[in-house]
Amino acid sequence: MYSIQSLRNNSRAFLSRQVLYHNRYGKFTISTRFISSLYKDLPLNSSKQQVIDHDYDDFKQELSNRFFKAFDDKPIDSAKLKLKDDVPEFVKQTGSFKKVSISATKNLESPPSPYDLTMSSLLSANLHLGHSTSLWNPKTSPFIFGIRYGINIINLDYTLIYLRRACKVMKEISYNGGIILFINTRGGLFSRSVIKAAKRCNQYQLTTRWLPGTITNSQQTLGHLMPKNENDVISKTFKPDLLVLLNPLENEIALEEARYGNIPTIGIVDTDFDPSKVTWPIPANDDSVRGIELLAGILSLAARDGLVQRKLMLDKIQKERKQARVIYGHTI
């Protein structure tokens, strides 16, 4: 870095290099000038020091102040600082900024809670797309927002409301130690969503064909699959407390058996299905892989929250029993 004194002492070499450098990179439009070309502005009897001082002042005025801040010994203009302080806040915030984007992949791997879920997440999962108007079931008319290119558009406001209501049911049943069965028999990527959801909340899943009589005639239908040990707990059959059907259109037999067995159901209802067949319907697109995995993940999170609260409740009861035994003098 050059000081002012060294610049004045070596102005001929320094100033000529600066002009050539900035011209080479297109910084200035000033033509290259040498020190000798400026002598005409001075009288002939000028001393060498006067010529050097004149050259320095002339070049300092022509070149931009931003390239000579290091050599400028004058203080910063107070008017510029005042102008910067007087700029309104909204002007400082103008310009480009990073927008919050919706990542469908992130929602699939770690689904949000039902109360953190937004309309953008449902839209990115294509849950608003229904079926063709030729397949429309009139009982789904309250859930339809409109028609676009011959396709029914589902109102996602109802989807969000009914989904949160279904999550409360999942949480209550899981809190009371109930058995929840996730069902999606389409296979492929749809099976992955069911398996993930069941593992997340430590419940059960079905990805193969529903066997008729699984609920109404379980001894005959599932008897050959159970161990022969009568004293084993595994050999006993348990009826599920809730069925979660992610494709109810292909599993109407399961819905009928659940109705005969007084088992409540939660189902994703598209515009081509009768929502009255499901206890707690969720109006949404049942053909979207991302949508099914998102809804299954949110429902499984609600069930997992119920399990966590149940564990805390049982731990509290066990702790109170231990304290009671100590008070009455019993051994633990």
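Bear in mind these aren't lab numbers, they're just calculated from the coordinates by the rules spelled out. Everything numeric in this text was worked out from a predicted model, so none of it was measured. Neighbour counts run over all protein chains shown; Cβ positions are idealised from the backbone, glycine included.
Between SER120 and TYR149, what FRET efficiency follows from the Cβ-Cβ distance if R0 is 30 Å, with the result rounded to 0.05?
0.85
Could you tally the net charge around GLY177, taking each other residue with its Cβ under 15 Å from the Cβ of GLY177, Lys/Arg +1 and Asp/Glu -1?
Here the count lands on +1.
Pop a pseudo-label 7 angstrom from the Cα along the beta-carbon direction at both LEU189 and ASP272 and give the gap in nm to one decimal.
1.9
Assuming R0 = 41 Å, can you tell me the calculated FRET efficiency for the pair THR133 and ARG325, based on Cβ-Cβ distance, to the nearest 0.05?
The formula returns an efficiency of 0.05 here.
What is the sum of charges, Lys and Arg at +1 and Asp and Glu at -1, for the other residues whose Cβ falls under 12 Å from the Cβ of ASP272?
Result for the local shell: -4.
For TYR204 and GLU250 in the same chain, what is the full-extension length gain: residue separation times 0.36 nm, less their Cα-Cα distance, in nm?
Taking 0.36 nm per residue and subtracting the Cα distance, the gain is 14.7 nm.
Quote to one decimal, in nm, the extra length available between SER110 and GLN220 on full extension: 0.36 nm per residue of separation minus the C-alpha distance between them.
35.6 nm
What FRET efficiency would be calculated for the residue pair LYS316, ARG165, taking the C-beta separation as r and a Förster radius of 25 Å, to the nearest 0.05?
Efficiency, rounded to the nearest 0.05: 0.35.
Filter the cross-link list LYS139/LYS171; LYS171/LYS196; LYS277/LYS311; LYS139/LYS239; LYS168/LYS316 down to pairs whose alpha-carbon distance in this structure exceeds 26 Å.
LYS139/LYS171; LYS277/LYS311; LYS139/LYS239
Among VAL278, VAL194, VAL289, VAL308, which comes first, second and so on when ranked by fewest other beta-carbon atoms within 10 Å?
In order of increasing Cβ crowding within 10 Å: VAL308, VAL289, VAL278, VAL194.
With label points built 7 Å along Cα→Cβ from the Cα atoms of VAL308 and TYR260, find their separation and express it in nm.
4.0
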